[in-house]
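Nothing in this text is a laboratory measurement; each read-out follows from the coordinates by a stated rule. Quick caveat: nothing in here was measured; it's all calculated off a predicted structure. Cβ: placed from backbone, ideal geometry, glycine included. Neighbour counts: every protein chain shown.
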Amino acid sequence: MSGQREGLVKIFSKNLSLKALALGLALFLWYHISRTGSELLTLTLPVTVANLPAHLEVGRTTPDHVTITLKGPPGMSRRIHPERLFVLLDGRGFRPGRRFLRLDEKNVTLPSGISVIRFSPSNLSLRILTLGRREIPVVPQFIGETRNRITPLSLRVNPRTAEVEGDRTLLSRLAFIKTEPIELSRLGDRSIEKMTVGLVSPDPSHFRILSPKTVTVEISRPVRSR
């Protein structure tokens, strides 16, 4: 038993100076890496287009969010505020139609010492539309029935049209826009009823109602003979 112990002592004591040097080097490397090593962080950010000419609009961005992987020094995550970050596209040179873009580091603004090592996906597809404006007729929208089931004789809308902005091609096909629903059962017994109602965009992703936001609808009903 003592022979085995002596053998182990000899093994561990052999080349002791080299082993001490190796241990010191290992400790130095561990300390160096712990102090200067890199941290990785993965975030999913929205895609934003800036500096787009006034007559253009982004119809669709595919995808509209991108996952990025960041590399930086230890403690990087404490310097990053995800809610303030986004993937920014410069739209100054955009033209109507389909556009394909490859992302790189210039699309994300980061603190010094932090870089993007991966975009997923790394390519985006954008549909750029040409904007137009038109005066579109306003049509009242009714629901339900009047309490005495008498159909209104006439309607008057003031103003009769609204200025609408949107994709020029789609706008040319838009025949009318509707008001918010008017509940007929809430009408009184007066011969003329006037009410202010809002306008409803047929598709908020493609059209914006510029002016007016509301119209006055006048409903004329027959006067009962006595």
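Note that the range 53-58 has calculated 3J(HN,Hα) couplings of x, 4, 8, 10, 8, 7 Hz, one per residue in order, obtained from phi through the Karplus relation 6.51 cos²θ - 1.76 cosθ + 1.60 (θ = phi - 60°); glycine and proline are x. In this simple spin-label approximation, Ile80 and Leu210 carry label points 7 Å from Cα along the Cα→Cβ vector, and these lie 4.2 nm apart. Extension gain for Thr109 to Thr42 (0.36 nm times residue separation, less C-alpha to C-alpha distance): 22.6 nm.
Take the Cα of Leu52, step 7 Å along the line toward its Cβ, and report every residue of the range 159-188 whose backbone nitrogen sits under 16 Å from that point. Inside the label zone: 165-171. If I stretch the segment between Glu218 and Arg134 completely, what's the gain in nm (0.36 nm per residue apart, minus their alpha carbon distance), one decimal? That pair, Glu218 and Arg134, stretches by 27.8 nm at full extension.
If you take all other residues with their beta carbon under 12 Å from the beta carbon of Val157, and give Lys and Arg +1 and Asp and Glu -1, the sum is +3. Annotation: extensible slack from His65 through Ser125 equals 20.4 nm (criterion: 0.36 nm per residue apart, minus Cα-Cα distance).
Once the C-beta distance of Leu101 and Ala175 is scaled by a Förster radius of 45 Å, the resulting FRET efficiency is 0.80 to the nearest 0.05.
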